[in-house]
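Q: Mind looking over this structure? Questions follow.
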Amino acid sequence: MKSFENMHVLLLKGGNGSEREVSFDTADVCSNAIKQIGHKITEVDISEIDILSLKKINADICFNALHGDYGEDGSIQGLLNLLKIPYTHSGVATSAIAMNKIYFKKIITSATQSSNDPIQFPKTLDLKNNGKFYEVDYGGRFVVKPIKGGSSVGVNIINGGNKIPKKPKLIKESLMAEIFVGCTELTVTVLKDNPLCVTEIRSADENGFYNYNAKYDANGSFHKIPADIPKTIYNKAMSWALRAHQIIGCKGISRTDFRYDAKEKKLYMLELNTQPGMTQTSLSPEQASYCGLGLNDMIKIILDEASYE
């Protein structure tokens with residue numbers, strides 16, 4: 001690889017998935033930072049080129065600004081491995097595990113269940129398909145969501161006793177259901193094996209949850225840093241985020257989401273994102289800033305961790 005001051009960076013963005021627009025927003029922010037650092041950059045929307053032509057760009061390194069299918073499920077990572085182009089964020093196996101919420105949940109549970117501080121998840125429910133709707137054998141609130149995917153696309157919170165009609169955008173997706181837990185949404189970014197801080201997230205809609213609009217609309221949500229939670233829970237969230245990051249082998253950066261039940265004083269892990277958004281409303285850059293790291297500093301660290309397997 002060339003010296004850090006004069007690299008040619010290939011930035012991948014776009015794609016055809018449900019998180020295409022989020023990828024463009026992330027790419028805009030990261031592209032500006034990469035240019036400010038002083039690197040040459042070539043931006044590519046992977047849906048508009050012959051993917052095998054990436055090698056011809058002759059880049060020193062790839063910054064992966066893709067989100068969702070192909071971009072963070074191990075697919076593009078496998079191709080970059082074959083092309084021997086060093087890339088940012090996690091590798092094939094780690095990306096595939098984190099993208100599948102069921103696999104991630106099982107692996108983390110298995111890896112920590114015999115420890116002094118086993119990581120807890122919401123209970124998985126048996127989701128039944130009755131042709132016209134989905135239901136579970138559970139009387140309280142529960143969450144139905146795609147097993148794969150991010151940005152809260154396709155997530156539905158169902159009140160006890162209610163059923164969710166089959167929607168066209170959900171029919172083709174593999175779904176899972178979990179008990180709805182806690183009242184406080186939390187998240188922790190891990191940057192190069194260092195958990196940054198715990199953010200408490202509140203949707204601008206008090207009756208809503210941290211959905212797609214809350215994540216990406218201006219003033220769609222409110223972020224409190226540090227989170228207003230007991231110190232023991234704060235430390236547990238930091239510890240769990242780092243442990244999950246290391247157990248599945250994350251590289252560079254990850255962000256882990258939690259729910260906290262203040263009444264029961266219990267913390268629950270939800271999922272881990274190997275490629276957190278870097279938009280103007282994203283959580284990871286905000287957490288880095290709280291810890292004294294500017295966006296350019298954060299991008300430098302992510303670039304420095306790039307490799308191929």
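Q: What is the residue count in segment 77-117 for residues that are β-branched (Val, Ile, Thr) and more than 21 Å from SER174 (Cβ to Cβ)?
A: Total satisfying the criteria: 3.
Q: When you look at ILE97, is it surrounded by 20 or more Cβ atoms within 10 Å (Cβ to Cβ), modelled with pLDDT of 90 or more and closer than 26 Å to VAL181 by Cβ, yes or no?
A: yes
Q: Enumerate the pairs (first residue in segment 257-281 and closer than 15 Å to SER23 by Cβ and assigned by TED's automatic domain parsing to the domain that holds SER239; second residue anywhere and of a type in the set (Lys, Arg) and part of a strand (DSSP E or B)) with beta-carbon separation below 6 Å, excluding pairs fewer than 6 apart on the same chain, so at least 6 apart or on different chains.
A: Once the first residue is closer than 15 Å to SER23 by Cβ and assigned by TED's automatic domain parsing to the domain that holds SER239 and sits in segment 257-281, its partners that are of a type in the set (Lys, Arg) and part of a strand (DSSP E or B) give ASN273/ARG255; PRO276/ARG255.
Q: Kindly state which helices (runs of 4 or more DSSP H) lie completely within segment 231-307 and contain at least 2 residues that are among the acidic types (Asp, Glu) and over 30 Å from ASN116 (Cβ atoms).
A: 295-304
Q: Restricting attention to segment 33-40, does a residue exist that is of a type outside the set (Val, Ile, Thr), more than 22 Å from the chain's Cα centre (by Cα), more than 18 Å from SER307 (Cβ to Cβ) and assigned to a loop (DSSP other than H, G, I, E, B)?
A: Checking segment 33-40: at least one residue is of a type outside the set (Val, Ile, Thr), more than 22 Å from the chain's Cα centre (by Cα), more than 18 Å from SER307 (Cβ to Cβ) and assigned to a loop (DSSP other than H, G, I, E, B).
Q: Could I ask something else about it? If you go through segment 102-123, how many residues are buried (at least 16 other Cβ atoms within 10 Å of the Cβ) and assigned to a helix (DSSP H, G or I)?
A: 6
Q: Hey, among ILE107, ILE102, which residue is within 30 Å of ILE301 (Cβ to Cβ), β-branched (Val, Ile, Thr) and in the same structural domain as ASP261 (by TED's automatic domain parsing)?
A: Result of the check over ILE107, ILE102: ILE107.
The values are calculated or read from the model by the stated rules, or taken from the named source; none is laboratory data. Computed from a predicted model, the values in this text were never measured in an experiment. Here the Cβ is made from the backbone with ideal geometry for all residues, glycine too, and neighbour counts use every protein chain on show.
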